[in-house]
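Note sheet for the following structure.
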Amino acid sequence: MIVKEEFLSKLRRYFSLNLYEVKIWTALLSRGVSTAGELSDIANVPRSRSYDVLESLEKKGFVVMKLGKPIKYLAVPPKEVLERVKKNVHEEAKEQITRLEDLKKTDIVEELNTLHTQGVELVEPADLSGSLKGRHNLYNHLELTIRNAEESVSIMTTSQGLIRKIEGLKPTFEKLKKRGVKIRIAAPLTKETSEAVKDISGVAEVRNIDAKARFVIVDGKEIIFMIMDDNTVHPTYDVGIWVNTPFFSSALENLFNIAWKTMKPAAEVLKK
């Protein structure tokens, strides 16, 4: 039996199996019914490990052990395996969420916060910075930073960046609005962005700017700025820099305020 390494890697990733498990499983799928010894030879897995591997696959719902001697194993149809894995993942996720919610009721989180607060006091200002690689990581940190805003969030972005931020961060923006945080977004406004602007109306003030820049300022203290053009870079290779620097942040926000006064409101630009 010849199975490409790339295919085995995909199975490991999607079904959370180790290498021996995917080899034995695919070998059994190719036979339907087989003994541990036969599968060991076909899959090129040490015979001493094949029984453990099959026992693991049986517990996970991938195979069924037939009664009788010699012991043989029957492959469960892949569609059924997929449903079983989905069910297990869902149940495990619910259990994990419950454990994390229960954690809030203990003093562990408070102790962790105390450790972090005391630790931050000892950190040099230059250490309160970091590089964020990949758009997924960028937006995770962006949401964290924005979520803690107390007074203002100022954003300058591209047309596509505006659409992405409203799609991904709207619930966070709405919570900030209820807390009285002022949210301003500057971006090149086009017909493509009109629906996104309408979706965020009443939550954030949006104005038009022709300049190409990507940064976020929170409370005049923290900055996240993206160093790549999102029109030319793949999301995986997008890069951002986060800096906690009140001195530079307040200076950049002052420049943003000056530019903001010259920008046309979204309603005025998009009605044309």
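The values are calculated or read from the model by the stated rules, or taken from the named source; none is laboratory data. It should be emphasised that the depicted structure is a prediction, and the values quoted were computed from it without experimental measurement. Every residue, glycine among them, receives a Cβ derived from its backbone with ideal geometry; neighbour counts consider all protein chains shown.
Before moving on, here are some points about what is shown:
- In region 65-81, the residues that are in contact (Cβ under 8 Å) with a residue 24 or more places away in the chain reach residues that are among the aromatic types (Phe, Trp, Tyr) with C-beta atoms within less than 7 angstrom, at least six apart or across chains, in these pairs: 66/73; 81/62.
- Region 13-40 - residue that is surrounded by 14 or more Cβ atoms within 10 Å (Cβ to Cβ) and among the charged types (D, E, K, R) and, of those, nearest to residue 85 (Cα to Cα): 21
- Spans of helices (runs of 4 or more DSSP H) in region 1-115 with at least 3 residues acidic (Asp, Glu): 47-60, 78-103
- Residue ranges of strands (runs of 3 or more DSSP E) in region 177-272 with at least 1 members charged (D, E, K, R) and either more than 17 Å from residue 139 (Cβ to Cβ) or in contact (Cβ under 8 Å) with a residue 24 or more places away in the chain (or both): 182-187, 205-208, 222-226
- Qualifying positions in region 1-35 - in contact with a strand residue (DSSP E or B) (Cβ under 9 Å, 6 or more places away or on another chain) and not polar (S, T, N, Q): 24, 25, 27, 28, 29, 31, 32, 33
- In the set 69, 94, 105, only one residue is at pLDDT 85 or above, out of contact with any Lys or Arg (no Cβ under 7 Å at 6 or more places or on another chain) and not assigned by TED's automatic domain parsing to the domain that holds residue 221; that residue is 94.
- Evaluation of residue 129 against (1) under 21 Å from the mean Cα position of the chain (by Cα); (2) over 30 Å from residue 208 (Cβ atoms); (3) at pLDDT 85 or above (one fails), failing number: (3)
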